[in-house]
């Protein structure tokens, strides 16, 4: 499950620090600050005034190594900066890459650690969530999973220290299970939902751009039919889109690129997009 501290607290250690993102605190902080500064520059030079408006209820952002998807994730996270003092809990959902599950899996840890420090788990929220259909505690799903972990340093850098987290690994679960879990906390004061997904995998650059443009349009249209080959986080995204339909919220793309645009070759790329929901 994680490391036991001398006081009996259970802390999930980072699984992908040093691979997906820097493991030195100073280098990690500088990397995040650079990505967020570049995103802020893009926001203030190209966004309409409406893009700078009300607080997002949720964001959707990618989860690859920072050199590949960090700029796209930063495009969503920078939009949270004006609201950092309002956000006290983050419900963080991402797909299962390591363990095949058909549930929404909670973490039994007391806190998650990154090189930037520890983030406490919202234990009361976890107990509430565990009473919902299809939601279970399953630390196997969290132990080596990167889809949630890579978001935590971004959240630490943007929100500071006065917030708690409810991390959920989502397997092949029904849309209603995921939507009802998100809905349980969605309208509470201080709540933010973050959904983690990448888009197409290992197509040529031009083919990926076409495929991802179609997927982004479907997500913006709040489709019910998003498939895992379009987005590895299709199951958590579909739950989020169901909530957006229930509340008639807009799902706005804010950045769409792929690894060929950021740091990789263009023969086999991975697609990324970020969105705000409000």
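The values are calculated or read from the model by the stated rules, or taken from the named source; none is laboratory data. From a predicted model like this one, the values you see are computed outputs, not experimental measurements. Counting neighbours? That spans all protein chains shown, and the Cβs are built from the backbone with ideal geometry, glycine included.
Worth pointing out:
- When 99, 72 are checked against the criterion of being in contact with a helix residue (DSSP H, G or I) (Cβ under 9 Å, 6 or more places away or on another chain) and not in a helix (DSSP H, G or I), 99 stands alone in meeting it.
- Residue 14 being assigned to a loop (DSSP other than H, G, I, E, B), at pLDDT 95 or above and farther than 25 Å from residue 258 by Cα: yes
- The stretch 28-56 - residue that is modelled with pLDDT of 95 or more and more than 16 Å from residue 81 (Cβ to Cβ) and, of those, farthest from the chain's Cα centre (by Cα): 30
- Residue 113 being under 30 Å from residue 172 (Cα atoms), touching a strand residue (DSSP E or B) at 6+ places or on another chain (Cβ under 6 Å) and in contact (Cβ under 8 Å) with a residue 60 or more places away in the chain: yes
- Within the stretch 233-266, being in a loop (DSSP other than H, G, I, E, B), in contact (Cβ under 8 Å) with a residue 40 or more places away in the chain and under 20 Å from residue 68 (Cβ atoms) holds for 233, 263, 264, 266.
- All of (1) buried (at least 24 other Cβ atoms within 10 Å of the Cβ); (2) on the phi > 0 side of the Ramachandran plot hold for residue 248 with one exception: (1).
Residue-wise test of (1) in contact with a strand residue (DSSP E or B) (Cβ under 6 Å, 6 or more places away or on another chain); (2) farther than 27 Å from residue 134 by Cα.
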site	(1), (2)
213	no, yes
228	no, no
233	yes, no
238	no, no
241	no, no
257	yes, yes
260	yes, yes
272	yes, yes
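- When 90, 135, 72, 119 are checked against the criterion of being under 17 Å from residue 32 (Cβ atoms), touching a strand residue (DSSP E or B) at 6+ places or on another chain (Cβ under 6 Å) and without any contact (Cβ under 8 Å) to a residue 60 or more places away in the chain, a single residue qualifies: 119.
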